[in-house]
Amino acid sequence: MAYSNKVIDHYENPRNVGSFENANTDSHVGTGMVGAPACGDVMKLQIKVDDEGRIVDSKFKTYGCGSAIASSSLATEWLKGRTLEEASALKNTDISEYLSLPPVKIHCSILAEDAIKAAIADYKKKNEK
Amino acid sequence: MTIKLPIYFDYAATTPVDPRVAKKMMEYLTLDGYFGNPASRSHPFGWDAEAAVEEARKQVADLLHCDPREIVWTSGATESDNLALKGAAHFYQRKGKHIITAKTEHKAVLDTCRQLEREGFDVTYLAPDEEGMITLENFTSAIREDTILASIMQINNELGVIQDIAAIGRICRDRGIVFHVDAAQSLGKIDIDLQTLNVDLMSFSSHKIYGPKGMGALFVRRKPRVRLEAQIHGGGHERGLRSGTLPTHQIVGFAEACRLAKMEMAGDHQRISTLQKRLLDGLKSIEEVHINGSLTHHYPGITNFSINYVEGESLIMALKDIAVSSGSACTSASLEPSYVLKAIGRNDELAHSSLRFSIGRFTTEADVDYAIALIQKNVHRLREMSPLWEMYKEGVDLESYTWVQH
């Protein structure tokens with residue numbers, strides 16, 4: 001698989017790998033887990049949101065191919081500093097274009113977009129009412 | 001000692017040509033060598049080339065304990081499989097239309113069987129047990145009144161398991177079924193004695209045994225005689241079974257590889273067994289490693305294992321300094337995980353996380369040690385990054401977890 005240098009860089013030096021402590025109880029944290037082991041990729045993406053609704057930190061763990069790891073690593077980088085609205089506006093095509101993903105790997109960027117949306121939804125659900 | 005990177009661990013895919021083979025081939029290419037057409041009957045250029053081809057036939061037959069007249073030159077095991085299966089099916093179709101093979105066969109056999117199905121033949125694809133073995137009960141129960149042909153490989157290219165060709169052959173001989181064996185992975189690796197084996201047709205490849213690519217052979221038994229319908233016509237070479245000008249340099253290269261294999265098989269096998277043991281011992285230090293396929297009926301040159309909670313392609317990327325192959329979907333054009341691993345009942349996750357390590361004549365202890373250390377380091381790194389590993393360690397049951405499919 002011929003990957004771009006950006007994919008290889010994110011794969012070899014992934015940004016923001018990890019999980020937040022007490023993610024289930026901390027109302028500032030939203031967690032999105034998408035994909036399935038049988039499909040070959042699972043992404044867990046977390047956001048930490050301040051009281052102004054801005055993402056101050058983000059972490060991920062990914063089981064998947066190089067482009068899945070790169071897509072989620074890039075997503076966590078881009079999420080930091082954005083408001084939830086700005087984060088919701090991130091599209092998979094932004095990721096796939098930036099990383100120059102080959103056509104068979106576009107689904108990895110779609111998965112990353114799904115993970116962002118799932119994390120935001122989880123945060124909003126926790127902070128309902 | 002410094003190690004030259006990347007290290008080659010894909011001998012089951014192809015082997016480098018042995019320098020002794022390459023040297024021999026060079027003598028049959030240029031004007032000052034034996035470049036003639038072996039079919040030219042009117043001058044010494046042809047006679048010399050023909051003599052070289054016939055000497056080569058003897059060398060190949062010698063490795064197999066068969067008659068040189070039973071060897072038909074082809075372009076490789078894929079062509080041999082095609083000629084054997086289509087040739088026998090077409091010739092014996094008035095006797096019956098049923099063929100038996102296994103789900104774990106090479107695509108050269110499976111795709112040929114699919115073609116025969118389109119032509120009106122009926123094919124049974126046997127499921128192996130979870131060790132990758134075709135049991136004799138399983139095989140026998142698939143036999144019908146109209147079964148004319150069976151095809152079972154000797155060493156499986158993905159798992160390295162060795163099927164009981166002798167026993168299956170006896171069953172076929174008793175029932176009057178033509179028995180074909182794909183021996184692409186076993187030639188020169190384990191002893192093949194066609195005098196005692198009840199095999200009617202056997203396919204071979206040159207490039208798996210340190211010979212050139214684009215070269216192979218088909219064994220066609222004379223006693224009891226097996227008939228084939230030719231698939232390539234034009235010129236009547238190889239007794240009309242396979243037309244086309246014989247590539248003298250390829251043929252002598254293949255034969256030299258066979259000659260060397262006969263001399264070095266026992267030593268190679270011993271060394272490769274020791275190296276595989278070293279590899280397996282190294283893998284034991286990693287949690288959740290599953291060996292795929294039987295290790296009892298097994299050729300030690302091929303080791304297939306799955307590393308749970310690490311995806312295959314990402315692992316292959318991490319292992320870029322070693323050349324191995326993976327059963328992961330991501331490494332194939334089809335995005336389907338290995339059909340062989342699925343056939344032995346491995347779930348998709350383990351199929352995605354599988355690596356095939358194949359060791360050969362030029363693999364060293366230092367190569368294996370380097371590979372083990374690299375695998376240990378990167379499996380640790382990728383698991384730190386894997387949500388599945390995290391869940392496994394927290395005791396979450398991944399089988400019953402509800403995944404958000406995409």
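Looking only at region A:71-91, count every residue that is over 23 Å from residue B:392 (Cα atoms) and not in a loop (DSSP other than H, G, I, E, B) and tell me the total. Step through it out loud before you land on a result.
Filtering region A:71-91 down to residues over 23 Å from residue B:392 (Cα atoms) leaves A:71, A:74-91.
Those still in the list that are not in a loop (DSSP other than H, G, I, E, B) too: A:71, A:74-79, A:83-88.
Of the residues in that region, 13 qualify.
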Can you tell me how many residues within region A:1-35 are within 11 Å of chain B (Cβ to nearest Cβ) and not in a loop (DSSP other than H, G, I, E, B)? 10
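When only residues in region B:374-389 that are in contact (Cβ under 8 Å) with a residue 60 or more places away in the chain and over 13 Å from residue A:63 (Cα atoms) count, which is nearest to the other protein chains (Cβ to nearest Cβ)?
Of region B:374-389, the ones in contact (Cβ under 8 Å) with a residue 60 or more places away in the chain are B:375-376, B:378-379, B:381-383, B:386, B:388-389.
Subsequent filtering for residues that are over 13 Å from residue A:63 (Cα atoms) retains B:375-376, B:378.
Numbers: B:375: 17, B:376: 18, B:378: 11 Å.
Step by step, filter region B:374-389, then rank; the result is B:378.
Quick one: which of B:392, B:401, B:309 is among the hydroxyl-bearing types (Ser, Thr, Tyr), without any contact (Cβ under 8 Å) to a residue 12 or more places away in the chain and within 14 Å of chain A (Cβ to nearest Cβ)? Spell out how you get there, then give the answer.
Values: B:392 fails: without any contact (Cβ under 8 Å) to a residue 12 or more places away in the chain; B:309 fails: without any contact (Cβ under 8 Å) to a residue 12 or more places away in the chain.
Step by step, each of B:392, B:401, B:309 is checked, and only B:401 is among the hydroxyl-bearing types (Ser, Thr, Tyr), without any contact (Cβ under 8 Å) to a residue 12 or more places away in the chain and within 14 Å of chain A (Cβ to nearest Cβ).
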Looking only at residues in region A:76-100 that are hydroxyl-bearing (Ser, Thr, Tyr) and crowded, with 20+ Cβ neighbours inside 10 Å, which one is nearest to the other protein chains (Cβ to nearest Cβ)? A:76
Within region B:113-129, can one find any residue that is buried (at least 17 other Cβ atoms within 10 Å of the Cβ), within 15 Å of the chain's Cα centre (by Cα) and without any contact (Cβ under 8 Å) to a residue 40 or more places away in the chain? no
Can you tell me which residue is modelled with the lowest pLDDT among those in region B:297-335 that are touching a Leu at 6+ places or on another chain (Cβ under 8 Å) and in a helix (DSSP H, G or I)? B:329
Going through (1) among the hydroxyl-bearing types (Ser, Thr, Tyr); (2) assigned by TED's automatic domain parsing to the domain that holds residue B:107; (3) in contact (Cβ under 8 Å) with a residue 40 or more places away in the chain one by one, residue B:294 fails only at (2)
Being surrounded by 15 or more Cβ atoms within 10 Å (Cβ to Cβ) and either without any contact (Cβ under 8 Å) to a residue 24 or more places away in the chain or closer than 27 Å to residue B:69 by Cα (or both) is the filter here; which residues of region B:1-32 pass it? B:17, B:18, B:21, B:22, B:24, B:25, B:27, B:28
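Among the residues in region A:36-56, are any in contact (Cβ under 8 Å) with a residue 40 or more places away in the chain and assigned to a loop (DSSP other than H, G, I, E, B)?
Of all residues in region A:36-56, those in contact (Cβ under 8 Å) with a residue 40 or more places away in the chain come to A:41, A:43-47, A:49.
Right, trim to assigned to a loop (DSSP other than H, G, I, E, B) and you get none.
The answer is no, given that none of the residues of region A:36-56 is in contact (Cβ under 8 Å) with a residue 40 or more places away in the chain and assigned to a loop (DSSP other than H, G, I, E, B).
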Any residue in region B:199-218 that is more than 30 Å from residue B:27 (Cα to Cα), buried (at least 22 other Cβ atoms within 10 Å of the Cβ) and touching an Asp or Glu at 6+ places or on another chain (Cβ under 7 Å)? no
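When you scan region A:69-89, do you find a residue that is touching an Asp or Glu at 6+ places or on another chain (Cβ under 6 Å) and not acidic (Asp, Glu), even just one? Walk me through how you get there before you give the answer.
Residues of region A:69-89 touching an Asp or Glu at 6+ places or on another chain (Cβ under 6 Å): none.
Within region A:69-89, none of the residues are touching an Asp or Glu at 6+ places or on another chain (Cβ under 6 Å) and not acidic (Asp, Glu).
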Name the pairs whose Cβ atoms lie under 7 Å apart, with the first residue in region A:101-115 and surrounded by fewer than 17 Cβ atoms within 10 Å (Cβ to Cβ), the second part of a helix (DSSP H, G or I) and among the hydroxyl-bearing types (Ser, Thr, Tyr), and 6 or more positions between them or separate chains? A:106/A:96
In region A:36-57, which residue that is away from chain B (no Cβ under 14 Å) and within 11 Å of residue A:123 (Cβ to Cβ) is surrounded by the fewest Cβ atoms within 10 Å (Cβ to Cβ)? A:53
Among the residues in region B:38-45, are any closer than 13 Å to residue B:249 by Cα and not assigned by TED's automatic domain parsing to the domain that holds residue B:369? yes
Looking for whichever is within 14 Å of chain B (Cβ to nearest Cβ), touching a Cys at 6+ places or on another chain (Cβ under 6 Å), crowded, with 22+ Cβ neighbours inside 10 Å and in contact (Cβ under 8 Å) with a residue 60 or more places away in the chain here; the options are A:73, A:67. Which one fits? A:67
Consider region B:336-362. How many of its residues are touching a residue at least 60 places away in the same chain (Cβ under 8 Å), surrounded by 24 or more Cβ atoms within 10 Å (Cβ to Cβ) and in a loop (DSSP other than H, G, I, E, B)? 3
One residue from B:177, B:192, B:232 being modelled with pLDDT of 95 or more and either outside the structural domain of residue B:137 (by TED's automatic domain parsing) or within 15 Å of the chain's Cα centre (by Cα) (or both): B:192
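When you look at residue B:96, is it farther than 18 Å from residue B:243 by Cβ, surrounded by fewer than 20 Cβ atoms within 10 Å (Cβ to Cβ), touching a Ser or Thr at 6+ places or on another chain (Cβ under 8 Å) and modelled with pLDDT of 95 or more, yes or no? Walk me through how you get there before you give the answer.
On the way: farther than 18 Å from residue B:243 by Cβ: yes; surrounded by fewer than 20 Cβ atoms within 10 Å (Cβ to Cβ): yes; touching a Ser or Thr at 6+ places or on another chain (Cβ under 8 Å): yes; modelled with pLDDT of 95 or more: yes.
Criteria met by residue B:96.
Mind telling me which of the residues A:106, A:116, A:110 ends up being under 21 Å from residue A:51 (Cα atoms) and assigned to a helix (DSSP H, G or I)?
On the way: A:106 fails: under 21 Å from residue A:51 (Cα atoms); A:110 fails: under 21 Å from residue A:51 (Cα atoms).
Step by step, each of A:106, A:116, A:110 is checked, and only A:116 is under 21 Å from residue A:51 (Cα atoms) and assigned to a helix (DSSP H, G or I).
The values are calculated or read from the model by the stated rules, or taken from the named source; none is laboratory data. Since we're looking at a predicted model, the values are computed, not measured. Note that we place each Cβ from the backbone using ideal geometry, even for glycine, and neighbour counts take in every protein chain shown.
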